[in-house]
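Trainee: Handing you a structure now.
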2 protein chains.
Amino acid sequence: MVSYEFKKRSDMRKTGLLALLALLLLGLFLVRCDHTEQAAPAGAKYVFLFIGDGMGLSQVVAAEAFLTDLSPGGGYVSLPFRDFPVNGLSNTYAANRFITGSAAAGTALATGHKTSVGRISMDTSGSIPLQTLAEKAMEKGMRTAIISNVSIDHATPAAFYAHQPSRNMYFEIGLDLARSGIDFFGGGGFKEPDGSHNGREVHIPALAQENGYTYINDVEAFLALEAPAGKVLFVHPGLTAGASMFYAIDQPEGYFSLAGITRKAIELLEGDEGFFIMVEGGKIDWLCHDNDAGATVWEVLDFSAAIDEAIRFYERYPEETLIVVTADHETGGLGLGSNVMKYDTEYSLLAHQKVSGEAFNRILAGWLPDNHINEKGFKKLLMLTEEYFGLGGEEAPIVLSSVETGRLRQAFMGLEVSREGEEPPYDRLTLTILEILSHRAGLAWTTFSHTGTAVPVYALGVNSMLFGGQTENTDIPRLIWQTIE
Amino acid sequence: MVSYEFKKRSDMRKTGLLALLALLLLGLFLVRCDHTEQAAPAGAKYVFLFIGDGMGLSQVVAAEAFLTDLSPGGGYVSLPFRDFPVNGLSNTYAANRFITGSAAAGTALATGHKTSVGRISMDTSGSIPLQTLAEKAMEKGMRTAIISNVSIDHATPAAFYAHQPSRNMYFEIGLDLARSGIDFFGGGGFKEPDGSHNGREVHIPALAQENGYTYINDVEAFLALEAPAGKVLFVHPGLTAGASMFYAIDQPEGYFSLAGITRKAIELLEGDEGFFIMVEGGKIDWLCHDNDAGATVWEVLDFSAAIDEAIRFYERYPEETLIVVTADHETGGLGLGSNVMKYDTEYSLLAHQKVSGEAFNRILAGWLPDNHINEKGFKKLLMLTEEYFGLGGEEAPIVLSSVETGRLRQAFMGLEVSREGEEPPYDRLTLTILEILSHRAGLAWTTFSHTGTAVPVYALGVNSMLFGGQTENTDIPRLIWQTIE
């Protein structure tokens, strides 16, 4: 049993409360179910693990509530994976911190071991590598795929094929990728594709090619692949600066999606050997860090569409397929109620948002030089907020209250401060816009960081019942392995 | 299928997003599991339904994280009910509003029907009564108990025995109680015990006595009861103004608890007829409305101790007992992370809180007349905040930052405004104190109202597997009834 750092117990004077505590600790021994000790019939040949980075319960319900509000009529709209027959709730804390990070949580989900924040499938000391589910699957002769819409060397995907003491060692993670033997990588690219290794300059995609990977950076060529395709490294064309795919809300028409990559991976890997496919919806977390509710709901829907591909596969092989959907942690402390709306909600208002806050920062950067930070400029800003968020004056879809207008004006005038010299604080203005919109829709946030709440686990297929009840995140890969063995 | 009011769909320009939406709606038909159609072997003779009012997932995890921080060493501390083998997630929306209220949610959990906000086991029109689980159990000859630590005529308990168009018709709800035939009522008292009915003045406890109830308002007399005790109406002595029991954190030493009432109910009802016992932890919701994190964690632990009584009973009759624990809705949008602490948490700081915010308001009301609203008065206030919340100057357990001190000072100086004439806004000062403490511990809130997120369902015992996966709150009583039949 791994423990995280415990704080010194505070002085407590109330004996009644102490007695209650004692009673509760006693109660702890009454019911215990150790998930990893349950007997599981073997048999999962095709295994999917979907990880929504930052996708807590509220992110899922918010996406559903948004869909429901947008639906022409009648009835609550559940995402397909929410209807899986088994739900569990999983604790996410790391070995050294209650609120985990994506590396430690990814390691837990990949290896079954709690580790320190920042480690990539290494123990808490950062010196002992921990075998991952994907590596075990390869050892058993199964085919493997690692898919993510953030850079493929990012913490969550990396935890399935790399072993490094720090998630920031992107180049070293890339080296691990090139020699991993994983059959299929797909999605984002590399944050540090170039570096020096063993005295020579290395370009990660080229190294992967040396090691037998077909490197593809074109959607048509990717779609033209046919099984048996050998080892594939597909980097999506048209990435952002961080080598990740675009947010769903910012994708140009016809952008090849996470669902498309998942579908192709299934097609290429299907076969007698069976497969293990991990798909990360990596950007839900990023948007929740920005408290960007409008973009978050689309991102969850985009991830859900990738899960639908696995569900379609399951329908063909229900006796041999297991699908597990979970999150590494919740991000943002998203609540489905705001003090502006109280008991009311109008989630469909989020549909007025046309770009992510991050993309809006870039729009602001282009717009600002042609405008003045004064009352006239502010009027023009309201045309911009109306265009991209529906927020504006009396004719706008969402009419700003005087308080909201005042907050926006203050944030806008604040751009002046750093107009000369450093980059204006677009973020502060954009955050104000995002906050006004989300509060009006009936959503609010408690933090710009991760939170420590438990996350749901949804399971369908062979031995899915094992994933019900309370689990540790470290139970998930152990139970999956039990299911494969 | 019941639908709540749908908002008009916003104009959406992005065809890509529309296509995604279409894909998702298509996906919805792929996996469906209707819980109420699953075949269940009969057999639950003893059934417990525990409803934590306002107790969402985060309230439960916050209580566990608090216990963990307070524990002398090693390992995450789960509440016993969190270790139940089955978890589900239940949607809580009402017929006419996404964010439900306790009456509509109580009706859903009691009758299996969605209704409008405010109705007590009546249909949406408020004219057709809906049979409750407790009434069905009585019809079948089972014994029944309704227990709550708020007033026994409050929305949640009322939904199990009363039928009224409005939760505010407390006197009429009391009349329903007196003629309900429920074997055991225990906990809080009556908000409107007196009124006029059929031309005569009625005192509800007296009417209950006329109808065969033994009315008890004394703990010793209550504990002296022995089976067969007939019909019992136990109102806890020492209630608050709202006829409810004290918050766990405010209870004087030796205060008879919700767990004690549950234990006695079990003792009196155990027998061949079987029983249905509903226990509400009604004040978690109240504290979350106040965003009072320190008192909330103790309230959840107090409720958990009542559930432990059922678990002990289950251990004696595991083949005949079913325990279901859920919530009517989440309150407050509690998040397990704050912008003050970012990735850090120190939940044990909550142990410095000695009284609820509500009780602190009363302390302030007594303290204020002897003090001045000036800098000297503020210094004295800091002695008070240190005594009751640990928050103070350099020698205090929790040293206030300059920003926090500034916020407190501002809230304190604000008391002056209404010092002459109306009641000073103690609430605003107390809320500031509660917010500072919870943010320092690593907790924060999004609203003072309820929220629309799904709530967990925990199940143990006969047919507990039925409660896994996604449910509507209306499925819970249907599944319980299936289990009994």
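Trainee: For residues in the range A:427-441 being in contact (Cβ under 8 Å) with a residue 60 or more places away in the chain and open to solvent by less than 10 Å² (accessible area, probe 1.4 Å), which is nearest to B:W445 (Cα to Cα)? Walk me through it before giving the result.
Mentor: Quick first cut of the range A:427-441, residues in contact (Cβ under 8 Å) with a residue 60 or more places away in the chain only: A:427, A:429-431, A:433-435, A:437-441.
Among the residues that remain, those that are also open to solvent by less than 10 Å² (accessible area, probe 1.4 Å) are: A:429-430, A:433-434, A:437-438, A:441.
Numbers: A:L429: 23, A:T430: 22, A:I433: 20, A:L434: 18, A:L437: 18, A:S438: 15, A:A441: 17 Å.
Taking the candidates together, the pick is A:S438.
Trainee: State all residues of the range A:171-198 that are assigned to a helix (DSSP H, G or I), in contact with a Gly (Cβ under 9 Å, 6 or more places away or on another chain) and not hydrophobic (A, V, I, L, M, F, W, C); if no residue qualifies, say none. Steps first, please.
Mentor: Going residue by residue through the range A:171-198, those that are assigned to a helix (DSSP H, G or I) are A:171-178.
Checking the rest, the ones that are also in contact with a Gly (Cβ under 9 Å, 6 or more places away or on another chain) come to A:171-172, A:174-175.
Result: A:E172, A:G174.
Trainee: Which residue is nearest to B:I323 (Cα to Cα), if the candidates are limited to the range B:212-271 and must be in contact with a strand residue (DSSP E or B) (Cβ under 8 Å, 6 or more places away or on another chain) and within 14 Å of another protein chain (Cβ to nearest Cβ)?
Mentor: Top of the filtered list is B:T262.
Trainee: Working carefully through the options A:A411, A:A459, A:A444, find the one that is out of contact with any Ser or Thr (no Cβ under 7 Å at 6 or more places or on another chain) and in contact (Cβ under 8 Å) with a residue 12 or more places away in the chain. Write out each step before concluding.
Mentor: Working: A:A411 fails: out of contact with any Ser or Thr (no Cβ under 7 Å at 6 or more places or on another chain); A:A444 fails: out of contact with any Ser or Thr (no Cβ under 7 Å at 6 or more places or on another chain).
When all the criteria are applied, what remains is A:A459.
Trainee: Filter the range A:437-477 for residues that are at the interface with chain B (Cβ under 7 Å from one of its Cβ atoms) and on the phi > 0 side of the Ramachandran plot and give the result. Even if it seems obvious, please write down each step before you answer.
Mentor: Start the filter on the range A:437-477 by keeping residues that are at the interface with chain B (Cβ under 7 Å from one of its Cβ atoms), which leaves A:444-454, A:456, A:460, A:468-470.
Selection gives A:G469 alone.
Trainee: Do you know which residues across the range A:192-206 are open to solvent by less than 70 Å² (accessible area, probe 1.4 Å) and more than 26 Å from A:G260 (Cα to Cα)?
Mentor: Start the filter on the range A:192-206 by keeping residues that are open to solvent by less than 70 Å² (accessible area, probe 1.4 Å), which leaves A:193, A:195, A:197, A:202, A:204-206.
Selection gives A:G195, A:H197, A:V202.
Trainee: Okay, moving on. State whether one or more residues within the range B:203-218 are in contact with a helix residue (DSSP H, G or I) (Cβ under 7 Å, 6 or more places away or on another chain), in a loop (DSSP other than H, G, I, E, B) and not basic (K, R).
Mentor: So in the range B:203-218, the residues in contact with a helix residue (DSSP H, G or I) (Cβ under 7 Å, 6 or more places away or on another chain) come out as B:204, B:207-208, B:211, B:215-216.
Those left that are additionally in a loop (DSSP other than H, G, I, E, B): B:211.
Remaining after also requiring not basic (K, R): B:211.
Yes: one or more hits.
To keep it simple, each residue is scored yes or no on (1) modelled with pLDDT of 95 or more; (2) farther than 30 Å from A:L400 by Cα.
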| residue | (1), (2) |
| --- | --- |
| A:T430 | yes, no |
| A:E435 | yes, no |
| A:T451 | yes, yes |
| A:A454 | yes, yes |
| A:A459 | yes, yes |
| A:V462 | yes, yes |
| A:M465 | no, yes |
| A:E472 | yes, yes |
| A:I484 | no, yes |
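Trainee: Here is a further query. Only one of B:D53, B:D83, B:D34, B:D69 is of a type in the set (D, E), at pLDDT 70 or above and surrounded by fewer than 24 Cβ atoms within 10 Å (Cβ to Cβ). Can you tell me which? Before you say what the answer is, go through the steps one by one.
Mentor: Details: B:D53 fails: surrounded by fewer than 24 Cβ atoms within 10 Å (Cβ to Cβ); B:D34 fails: at pLDDT 70 or above; B:D69 fails: surrounded by fewer than 24 Cβ atoms within 10 Å (Cβ to Cβ).
B:D83 is the lone residue from the list that is of a type in the set (D, E), at pLDDT 70 or above and surrounded by fewer than 24 Cβ atoms within 10 Å (Cβ to Cβ).
Trainee: Does A:I147 satisfy being assigned to a loop (DSSP other than H, G, I, E, B), surrounded by 24 or more Cβ atoms within 10 Å (Cβ to Cβ) and modelled with pLDDT of 95 or more? Spell out how you get there, then give the answer.
Mentor: Values: assigned to a loop (DSSP other than H, G, I, E, B): no; surrounded by 24 or more Cβ atoms within 10 Å (Cβ to Cβ): yes; modelled with pLDDT of 95 or more: yes.
Criteria not met by A:I147.
Trainee: Any residue that is more than 8 Å from chain A (Cβ to nearest Cβ), open to solvent by 10 Å² or more (accessible area, probe 1.4 Å) and in contact with a helix residue (DSSP H, G or I) (Cβ under 9 Å, 6 or more places away or on another chain) - is there at least one of those in the range B:96-104?
Mentor: The answer is yes; a qualifying residue exists.
Trainee: Hey, B:W298 hits all of (1) among the aromatic types (F, W, Y); (2) open to solvent by less than 10 Å² (accessible area, probe 1.4 Å); (3) more than 11 Å from chain A (Cβ to nearest Cβ) but one; which does it fall short on?
Mentor: Every listed condition holds for B:W298 apart from (3).
Trainee: Ok, one more. Could you identify the single residue in A:A162, A:A108 that is buried (at least 21 other Cβ atoms within 10 Å of the Cβ) and not in a loop (DSSP other than H, G, I, E, B)?
Mentor: Working: A:A162 fails: not in a loop (DSSP other than H, G, I, E, B).
The match here is A:A108.
Trainee: From the set of residues in the range A:337-385 that are out of contact with any strand residue (DSSP E or B) (no Cβ under 8 Å at 6 or more places or on another chain) and hydroxyl-bearing (S, T, Y), which is farthest from the other protein chains (Cβ to nearest Cβ)?
Mentor: Once the filter is applied, the top-ranked residue is A:S356.
Trainee: Residue by residue through the range A:320-336, note down the ones that are of a type outside the set (G, A, S) and facing another protein chain (nearest Cβ under 7 Å).
Mentor: Step one: filter the range A:320-336 for residues of a type outside the set (G, A, S), giving A:320-326, A:328-331, A:334, A:336.
The one that is of a type outside the set (G, A, S) and facing another protein chain (nearest Cβ under 7 Å): A:L336.
Trainee: Looking at (1) more than 13 Å from every other protein chain (Cβ to nearest Cβ); (2) buried (at least 20 other Cβ atoms within 10 Å of the Cβ); (3) in a helix (DSSP H, G or I), can you tell me which one B:F276 breaks?
Mentor: Failing condition for B:F276: (3).
Trainee: Among the candidates B:V340, B:V300, single out the residue that is β-branched (V, I, T), in contact with a helix residue (DSSP H, G or I) (Cβ under 8 Å, 6 or more places away or on another chain) and not in a helix (DSSP H, G or I). Break it down stepwise before answering.
Mentor: Details: B:V300 fails: not in a helix (DSSP H, G or I).
Only one candidate qualifies: B:V340.
Trainee: If you go through the range B:72-95 one residue at a time, how many are more than 7 Å from chain A (Cβ to nearest Cβ) and among the small types (G, A, S)?
Mentor: Counting residues in the range B:72-95 that are more than 7 Å from chain A (Cβ to nearest Cβ) and among the small types (G, A, S) gives 3.
Trainee: Run down A:G212, A:G242 and say which single residue is surrounded by fewer than 16 Cβ atoms within 10 Å (Cβ to Cβ) and under 26 Å from the mean Cα position of the chain (by Cα). Walk me through it before giving the result.
Mentor: Values: A:G212 fails: under 26 Å from the mean Cα position of the chain (by Cα).
Matching residue, one of A:G212, A:G242: A:G242.
The values are calculated or read from the model by the stated rules, or taken from the named source; none is laboratory data. All figures in this text were calculated on a predicted structure; none of them were measured in a lab. Glycine also receives a Cβ, built like all others from the backbone with ideal geometry; neighbour counts cover every protein chain displayed. Note: areas computed on protein heavy atoms with side chains; ligands, DNA, RNA excluded. Shrake-Rupley method; radii C 1.70, N 1.55, O 1.52, S 1.80 Å.
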